[in-house]
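Student: Below you'll find the structure I mean.
Values quoted throughout were computed directly from the atomic coordinates according to the rules given, and no laboratory measurement underlies them. What you are looking at is a predicted structure, and each value in this text was computed from that prediction instead of being measured. Cβ: placed from backbone, ideal geometry, glycine included. Neighbour counts: every protein chain shown.
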Amino acid sequence: MDELSRSQRPLAVQPPAEEPRRSPVKFIVLGMLVVALAAGAWAYFHFLDRVSSDDAQVDAHITAIAPKIPGNVLEVLAKDNQPVKAGDILVRIDPRDYQARVDIARAALLQAQSQLHTAQTVVPLTNETTQSGASGATAQLADAMAELDRARLGYEQAASSDIAVVEANVRTKQASNERAQADLARMKPLLDKTEISRLQYDAYQAAARVAESELRATQEQVASVQQNAGIRKAAVAAAQSRVSLAQAQVEASQANRKQVDVRRAESGTAAAGVEGARANLAAAELQLGYTTLVAPVDGVVTRKSVEPGQIVQPGQSLMTIIPLQDVWVTANFKETQLATVHPGQRAEIQVDMYGRSVSGHVDSISGATGSRLSLLPPENATGNFVKVVQRIPVKILIDQTNGLVLRPGMNVDATIFTK
């Protein structure tokens, strides 16, 4: 019964067999491969013409402010992190000591200028005085020589012609006297014989006396002429002495002329003294100017370490000025990245602080690696040498900051576009 009933039951319709489902893993893997290939291709072409380094920092000219002179600080007009302009006063040092030195140097300059004026005035005065003395001595010498010539001429005349004339007169008068005496002697016997008159004899006697008197007179004239010759000879000697004296005066005046050169040398020394005093004054004024320390560049004051009342010494660091408007990036690239890098190429700097980029260009490449320029460069001449890729600093100038303030020491990522 049961079997019949089971046989009479309609047969249940069997559903068709389902096809086996395809696994989605294949599609996922295939998609991932396509994405990876696309990403690899993009990365290849993206980084094909560029090199990057995250070992890069912002650099700038750090200007240290230090005094050139020692002194007591009167005022400090700058604060930490304060922006300043070139020429702004930062620190004042007590100027009184240096002002006193300026006053002393100025007084010394005035004294040197006065000495120079005196020396310059003495030069023409000495020149004129010595020139006048030399001219007078020369004139006196000429007069003395002319007088000597006249004395010699007079002596020669007295010693020759005058004496010869009086000697001839003596001989003439002597002959006349001898004849008159002879005539008188012949007339004496005639008078005794009364052959002649007494009057005639007296005439012969008078003629003999006249002849004898004339002879004595001419003999005395000889002595006078000889004495005059002696006087003329003495006059020649005196004139010779005056000539010698005049020559000595000429030589003395010529020696005095050398005083002009001495005065000129003294004037030159005084002029040099003026220049030295002027230089001392300039140095003192320069030292006085050092009492005011001003900002040499525009920037921001940092590391201020000076306070009023402090005694500072030359070279002591008082503060530092950072010119934030003149910064650049120093990026340390691997040596294997720099084969195609050269100055002028475009660069992009990603600033970590802002998460933004600024544009720039390559300025220069360092002449040595960073390790070689370190305080203790490595010594590779050892047995355990391990080759390490070196990094070479590259200086990148910033073209546009896009309003970002870049401070020295900030970390950045540098990318150079080689094409």
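Student: Between their Cα atoms, which of Lys334/Lys395; Lys395/Lys419; Lys85/Lys395 are more than 21 Å away from each other?
Tutor: Lys85/Lys395
Student: What does the highest-first list of 330-337, 369-376 look like by mean Cβ count within 10 Å?
Tutor: Per-residue Cβ counts within 10 Å, averaged per peptide and sorted highest first, yield 330-337, 369-376.
Student: Taking Lys193 as the anchor, which aspartates and glutamates have their alpha carbon closer than 19 Å to its alpha carbon, excluding any fewer than eight residues away along the same chain?
Tutor: Counting by Cα, and skipping residues close in sequence, Lys193 has these aspartates and glutamates nearby: Asp183, Asp202.
Student: Provide the FRET efficiency to the nearest 0.05 for the Leu33-Gln57 pair, computing r from the beta carbons and using R0 = 56 Å.
Tutor: Efficiency for this residue pair is about 0.90.
Student: Report, to the nearest 10°, how far helix 163-192 tilts away from the longest principal axis of the Cα atoms in the chain, using its own Cα long axis and a range of 0 to 90°.
Tutor: 10 degrees
Student: At R0 = 35 Å, how high is the FRET efficiency between Lys79 and Leu397 if r is their beta carbon distance? Nearest 0.05 is fine.
Tutor: Efficiency, rounded to the nearest 0.05: 0.70.
Student: Specify, per residue and in Å³, the volume enclosed by the convex hull of the alpha carbon atoms belonging to the chain.
Tutor: 421 Å³
Student: Can you list residues from other chains, or at least 5 along the same chain, whose modelled amide H is less than 5 Å from the amide H of Asp399?
Tutor: Ser359, Gly360, His361
Student: Separate question: So for the pair Arg150, Ala252, with labels modelled 7 Å out along Cα→Cβ, what separation do we get in nm?
Tutor: Each label point lies 7 Å from its Cα, and together they span 2.4 nm.
Student: Counting Lys +1, Arg +1, Asp -1, Glu -1, what net charge surrounds Asp54 among other residues with beta carbon under 11 Å of its beta carbon?
Tutor: Around Asp54, the surrounding residues sum to -3.
Student: Still on this structure: Using modelled backbone amide H atoms (1.01 Å from N, in-plane), which distant-in-sequence or interchain residues come within less than 5 Å of Gln345's amide H?
Tutor: Excluding prolines and chain starts, which carry no amide H, the hits are Val362.
Student: Whose amide H sits under 5 Å from the amide H of Asp298, counting only residues 5 or more places off or on another chain, with H placed in the peptide plane?
Tutor: Here Ala86 satisfy the definition.
Student: Please list log₁₀ I(q)/I(0) at q = 0.10, 0.13, 0.16 Å⁻¹ for region 264-381, using the Debye equation with identical point scatterers on the alpha-carbon positions.
Tutor: Log10 of I(q)/I(0), two decimals: -0.70, -0.88, -1.03.
Student: Straight-line reach from Lys68: which aspartates and glutamates fall under 20 Å, measuring Cα to Cα and dropping same-chain residues less than 8 apart?
Tutor: Reachable aspartates and glutamates: Asp88, Asp94, Asp97, Glu285, Glu307.
Student: Taking R0 as 56 Å, what FRET efficiency do you get between Gln259 and Val165 from their Cβ-Cβ distance, rounded to the nearest 0.05?
Tutor: For R0 = 56 Å, the calculated efficiency reads 0.55.
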